[in-house]
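In what follows, a single structure is set out as structure tokens and then discussed.
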Amino acid sequence: MIVIMKPGTPQKEIDRLSEALTAKGVEVSPVIGKDLIILGLVGDTSKIDDNWVEANRNVERVMHVAEPFKKANRMFHPQPSVIDVCGQKVGGDSRLAMIAGPCSVESEEQICQIARDVKQAGANFLRGGAFKPRTSPYAFQGLKYDGLELLMEAREQTGLPIVTEIMAPHDIEIFEREVDVIQVGARNMQNFDLLRELGQTRKPILLKRGLSATIEEWLMSAEYIMAGGNENVILCERGIRTFERYTRNTLDLSAIPAIRKLSHLPVIVDPSHATGKWWMVDPLAKAAIAVGADGLIIEVHNDPANALCDGQQSIKPDVYAQLLSEIRPIAAAVGRKL
Ligand code: PEP
Ligand code: MN
């Protein structure tokens, strides 16, 4: 933290503020120039309120040199985190996480068939929504607890760990017991009560980026989960809202290298929700791996035209299989395996 003081501040005022800051447990190093007076603060500045410092009439402004997220920060954890999901590793130089499946679980036949198909194509996790956060209250809301049962059945048949979205804190107990990766959707990225409660579990959490969240806000949401003691967080870039309406969202590919610089947490990409168009999934999935994503979550449906949710952005199993075969050399070029 750096405190910039007004030019011409008398020495006794500089000393008075330095003493007050030192009393808060930090080391203060003043730099006094002709036009600039700076106090450099080193140590734990988390308890020093910017507003309290700026209330001092001799202070011009306060600047931060460290980010507000600590547990998610790469500075304090230089090695990439590797998250263990049922023995499969995500992050670091592990095999890429290939999560695939329908937007929503619709029936036993549907989820089990898709699970077999995506496994055959090379996926290592099955996705499927049982509780759906729909914009319209009249749209299909998911099969809920029956959907969870069907996901468990598909896991039983294929051995694929299941990834599914939680909407409410009261479902944490059942999700903790039955689900392998708990997804927090974009709309709940800042549901702080939910995040705090998930911090009390030790389950891997797939934390999607909020619709209009900055990278810092997204990492602060990860921090909520980690502050509770659950460090098993996987981030997911799924497109953000911009002025562009041609695509459903705008895929922020730059978030991937940014997250890798700022944080040790694994980060994957969802090209399906990012674009909202099935034919854009292929090029953006490839781009995501090229820029360093640790995996992909892709919507795959055996009958997109009749899907109960997100058919327009779902690819068919054969297209998925072809995509994975084309991603393999891209992964190898960036030093990853699929
Ligand atoms: C989903 O994965 O089906 C979903 C609703 O995603 P998001 O929260 O990113 O919109
Ligand atoms: Mn969807």
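The values are calculated or read from the model by the stated rules, or taken from the named source; none is laboratory data. Bear in mind the structure is a predicted one, so any value in this text is a computation, not a measurement. Ideal geometry is used to build each Cβ from the backbone, glycine not excepted, and the neighbour counts take in all protein chains shown. The protein model used for the area step is the full one, side chains on, heavy atoms only, and it has no ligands, DNA or RNA in it. Shrake-Rupley method; radii C 1.70, N 1.55, O 1.52, S 1.80 Å.
General observations
- Carbon-plus-sulfur accessible fraction, the chain (probe radius 1.4 Å, protein heavy atoms only): 52%.
- Highest mean packing comes first when the peptides 57-69, 98-110 are listed by Cβ atoms within 10 Å, giving 98-110, 57-69.
- Once divided by 2.2 N^0.38 Å, the Cα radius of gyration of region 1-102 becomes 1.66.
- At q = 0.07, 0.11 Å⁻¹ the log10 of I(q)/I(0) for the chain amounts to -0.35, -0.72, computed by Debye summation with a single uniform scatterer per C-alpha, solvent ignored.
- For region 194-201, 3J(HN,Hα) computed residue by residue from phi via the Karplus equation (6.51, -1.76, 1.60; θ = phi - 60°) reads 5, 4, 4, 5, 5, x, 7, 8 Hz, glycine and proline entered as x.
- Ellipticity estimate at 222 nm from DSSP helix runs (n ≥ 4, -39,500 (n - 2.57)) divided over the chain, nearest 500: -10500 deg cm²/dmol
- Highest mobility in the GNM of the chain, judged by mean-square fluctuation with C-alpha springs under 10 Å and restricted to Ala213, Ala293, Ala123, is found for Ala213.
- Accessible area in square angstrom per residue, the chain, 1.4 angstrom probe: 45 Å²
- Cα-based radius of gyration of region 193-303 once divided by 2.2 N^0.38 Å, which approximates compact folds: 1.08
- Within region 100-176: Cβ-based charge dipole about Cα centre, in debye rounded to nearest 20 (Lys, Arg +1; Asp, Glu -1): 320 debye
- Cα-based helix-to-principal-axis angle, 317-333 vs the chain, degrees rounded to 10: 40 degrees
- Whole-Å distance, taken between Cα centres, linking region 1-20 and region 245-275: 42 Å
- Label-to-label distance, Asp93 versus Lys34, with points set 7 angstrom from Cα along the beta-carbon direction: 5.4 nm.
- Between 0 and 90°, nearest 10: helix 215-227 axis offset from the chain longest Cα axis: 90 degrees
- Taking Cβ separations below 4.7 Å as the criterion for a possible disulfide partner, the isolated cysteines in the chain are Cys86, Cys112, Cys236.
- Computed Rg/Rh of region 252-338, alpha carbon atoms with Kirkwood Rh: 1.00
- Label-point separation in nm, Arg61 to Gln190, each point 7 Å along Cα→Cβ: 2.3 nm
- Tilt relative to the chain, helix 108-121 - C-alpha long axis, 0 to 90 degrees, to 10: 70 degrees
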